[in-house]
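The values are calculated or read from the model by the stated rules, or taken from the named source; none is laboratory data. Keep in mind the model is a prediction, meaning the values are calculated, not measured. Cβ sites come from the backbone with ideal geometry, for glycine too, and all protein chains shown count toward neighbours. For the accessible areas, the whole protein counts, side chains as well, though only heavy atoms, and no ligand, DNA or RNA atoms are used. Shrake-Rupley method; radii C 1.70, N 1.55, O 1.52, S 1.80 Å.
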Amino acid sequence: SPQDLECVLGPGGALEALLEAKAEGKIGHIGITLHTVDMFRQAVEFDWVETIMFPYNLVETQGEELIRECVRRDIGFINMKPMAGGAIDNPALALRFILSNPDVSVVIPGVASVNEAEQNLVVAENNIPLTSKELSDVERIRDSLGTQFCRRCNYCEPCSAGMSIYTQFLLEGYYTRYNLTKWATDRYNALSKKASDCIDCGVCETRCPYNLPIRQMLKNVQKVFEG
């Protein structure tokens, strides 16, 4: 956030310590992680920035112009959230979409098993241009997800009511997008704190880097699982 950046750049801030560590040979490079285009735009102007990590996937392409700017300025671009925090139901397509962009330096898909890592490797080694059908699938996913979905960054927490906010949205996604209705419902019912426990304080929304209407989204989760 702008406030975080001000703290980092200020006297005695993180950048001061990092520059000292770099001068002493303790670290080799300095990068920055961002979540908004406005902050991305600022970051490419800093002469100390060597890498930028930013969300980029087939439904979040708002940073493409600045990713190209990274190439022009010899800044490495680290692609986070390639699967949109798990919201995209076709990981192979999501990864191929990113790999088709030559301006991406490295992509970091999270994996939960060796098998998932091996699957990603197969996709990367056999990457070919997307077909017209696959491009249509990209548009379908974009239309389905829109921009108001949880990326599971957890910046919204801790919740004042004690619930795991991202878990509510994760289970809703399994219910509505993956058709795992019984599986998701059983796990939702087993939660000690559910969407209906929201106290409507709105603190979570002040923390969300994507400005999501979390309280309304929780009401939607409640409607899905509790009627």
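Things to note:
- Long-range neighbours under 9 Å by Cβ, at least six apart or interchain, first residue farther than 15 Å from Met217 by Cα and among the hydroxyl-bearing types (Ser, Thr, Tyr) within region 144-171, second part of a helix (DSSP H, G or I) and open to solvent by 70 Å² or more (accessible area, probe 1.4 Å): Tyr155/Arg207
- Sub-9 Å Cβ pairs linking a first residue in region 122-141 that is closer than 18 Å to Pro102 by Cα to a second residue that is of a type in the set (Val, Ile, Thr), at least 6 apart or interchain, are Ala124/Val107; Leu130/Val138, ordered by first then second residue.
- Members of region 12-43 found to be outside any helix (DSSP H, G or I) and either free of Cβ contacts under 8 Å to residues at least 24 places away in the same chain or basic (Lys, Arg) (or both), listed by number: Gly12, Gly13, Glu24, Gly25, Lys26, Ile27, Gly28, His29, Ile30, Ile32, Leu34
- Residue among Ser100, Ser105 that alone is hydroxyl-bearing (Ser, Thr, Tyr), over 18 Å from the mean Cα position of the chain (by Cα) and either within 28 Å of Cys156 (Cα to Cα) or surrounded by fewer than 19 Cβ atoms within 10 Å (Cβ to Cβ) (or both): Ser100
- When region 44-75 is filtered for residues that are part of a strand (DSSP E or B) and farther than 28 Å from Ile141 by Cα, only Thr51 remains.
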